[in-house]
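Structure first, then comments.
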Amino acid sequence: MSEPVAATGTVHWIGAGLSTGSGLAALCDTADRVLLWHRTEERAEQALEGLRLNGRAVPRAYTPAALTAELAPGDVVVSMLPASEHPGLLAACVRRRAHFACSSYVSDALLERVPEAEKAGVVVLTEAGLDPGIDHLFAHDLVARARAAIGDTTPASYSLTSYCGGVPAVPNDFRYRFSWAPLGVLNALRSPARHLDDGTPTTVERPWEATRRHVVDGETFEVYPNRDSVPFVEQYGLPAAWTPRTFVRGTLRLDGWLRAWEPVFEELRTGDDARIAALAQELAARYPTTDADRDRVVLVVSLDVRAEDGRTWSGGYLLDTVGDEDDSAMARCVSRTLALGIGHILDGTLPAGLHRAAETAARSRQWLGELSRAGLHFTLRVDQGDRRG
């Protein structure tokens, strides 16, 4: 990878939705200058007041032209906008030789712009939030630990599951609390999911129809596959000598969610785009996110490996955190992870080009240590056995 353009210390944070939290405050401590871009300058000021950051960041009214006019080489642009906006933002960053960061998955349209970004010395940091983000860090570390114990060339089979969900801290009748745009939640459920089940690639057209029970630390949840899990076999560096039994990245919900959402599923089965958009508005009004209620984030990543010579290895990470009056759990997990990655752009330790959070075991472990010191708490379980005769 190429050497990046030297960072100026200026960060442009675009958008202040439900996932913007204390990570922005952390950047105000470490960056030389932070600008918060929102729909209007007044909305930006209100967001800063809500985050208790008055006077620590500069409010701006966002338009692509206004942002581009203020960009200097080495600035960092942080997008909290929908993923469809990212290719255009990255194009502007490449023209101005500014770095780009987001917590979203890499789209094909964004990927197309990466070569020119790398050539321009621009860092493109993606998938650096909660899911995707922390889940990647957990998976990379677990795979590295298992490889060290079993060996890359030892024939083995494995099961890797990664489930994440934002849920209400106090269960409600709906068994859910919106932590991102309701329309995005509904459209995710309308998108097919692909995973490996009993070693076979399996596509589920309606992901909720593959919901199953999943017990975490003695508590029962419901989980289902999300998006396309299969490419992450390569991304996580699982050895070619190991055969997957199960490989799934998915969504976690409270027990009883499947039953509570049946009326929603019926609409998803029959509704067109206009009806689903209207349903999203209805659900947002019926189940508003308020400052009084608290959210909970549960992320559990587990890896189980069984070698043909009888050795076994299993391990898992669990993050289970609840929001407070200062920060929702979702905003805390997303924004602090993103701020950590931005810090590594600012200190020049990320080369130019594409990064999906921390893509090596060593850097993943480093990031996990930094997140722990920043106040995100999680636990690691490792069990190793040897049944050879």
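The values are calculated or read from the model by the stated rules, or taken from the named source; none is laboratory data. In this text, all values refer to a predicted model and were calculated from it rather than measured experimentally. Backbone-built Cβ (ideal geometry, glycine too); neighbour counts: all protein chains shown. Only protein heavy atoms, including side chains, enter the accessible area calculation; ligands, DNA and RNA are left aside. Shrake-Rupley method; radii C 1.70, N 1.55, O 1.52, S 1.80 Å.
Since only Gln281, Leu319, Pro182 are under comparison, the one whose Cα sits farthest along the positive direction of the charge dipole of the chain, derived from C-beta charges on Lys, Arg, Asp and Glu, is Leu319. Under the simplified labelling scheme, the Gln384-Ala69 pair shows an inter-label distance of 6.1 nm, with each label point 7 Å from Cα along Cα→Cβ. On the beta carbon distance between Asp309 and Ser2, with R0 = 51 Å, the FRET formula returns roughly 0.75. Couplings 3J(HN,Hα) for the stretch 254-266, derived from phi with the Karplus relation 6.51 cos²θ - 1.76 cosθ + 1.60 (θ = phi - 60°), are 5, 4, x, 4, 4, 5, 5, 9, 4, x, 5, 4, 4 Hz, where x marks Gly and Pro. A cut-off of 5 Å between modelled amide H atoms, ignoring neighbours fewer than 5 places along the same chain, links Val34 with Val11, Val58. Taking the helices alone, the chain has a mean residue ellipticity at 222 nm of -10000 deg cm²/dmol, built from -39,500 (n - 2.57) per DSSP H run of at least 4 residues and averaged over all its residues. Think of the chain as having a plus end and a minus end, set by charges on the Cβ of Lys, Arg, Asp and Glu; of Tyr163, Gly353, Ala329, Gly353 sits farthest toward the positive end of this dipole.
Largest first, the residues Ser335, Ser302 sort by 1.4 Å accessible area into Ser302, Ser335. Using a probe of 1.4 angstrom and keeping all protein chains present, the accessible surface of the chain works out to 43 square angstrom per residue. Quick one: work out the % antiparallel among DSSP beta bridges in the chain, nearest 5. Antiparallel bridges: around 60 percent, rounded to the nearest 5.
For the stretch 17-23, 3J(HN,Hα) computed residue by residue from phi via the Karplus equation (6.51, -1.76, 1.60; θ = phi - 60°) reads x, 5, 9, 8, x, 5, x Hz, glycine and proline entered as x. State the dimensionless ratio Rg/Rh of the stretch 10-126 (Rg: radius of gyration of Cα atoms; Rh: Kirkwood radius). Reported Rg/Rh (Cα atoms, Kirkwood Rh): 0.95.
Ligands, DNA and RNA aside, Val77 has an accessible area near 0 Å² when probed at 1.4 Å. Out of these labelled values of Cα extents along the principal axes in Å, [x] 68, 50, 36; [y] 88, 76, 32; [z] 72, 50, 42, which was calculated from the coordinates shown here? Checked against the structure: label [x]. A simple packing score, the average count of other Cβ atoms within 10 Å per residue, orders the peptides 219-228, 126-135 as 126-135, 219-228, with the highest score first. Can you work out the FRET efficiency for the pair Asp293 and Ser84, with r the C-beta to C-beta distance and R0 = 25 Å, to the nearest 0.05? Using R0 = 25 Å, I get an efficiency of 0.25. Take the Cβ atoms of Gln281 and Arg206, set R0 to 22 Å, and the FRET efficiency comes out at 0.50. Its relative contact order, with pairs defined as Cα atoms under 8 Å and 6+ residues apart, puts the chain at 24 percent.
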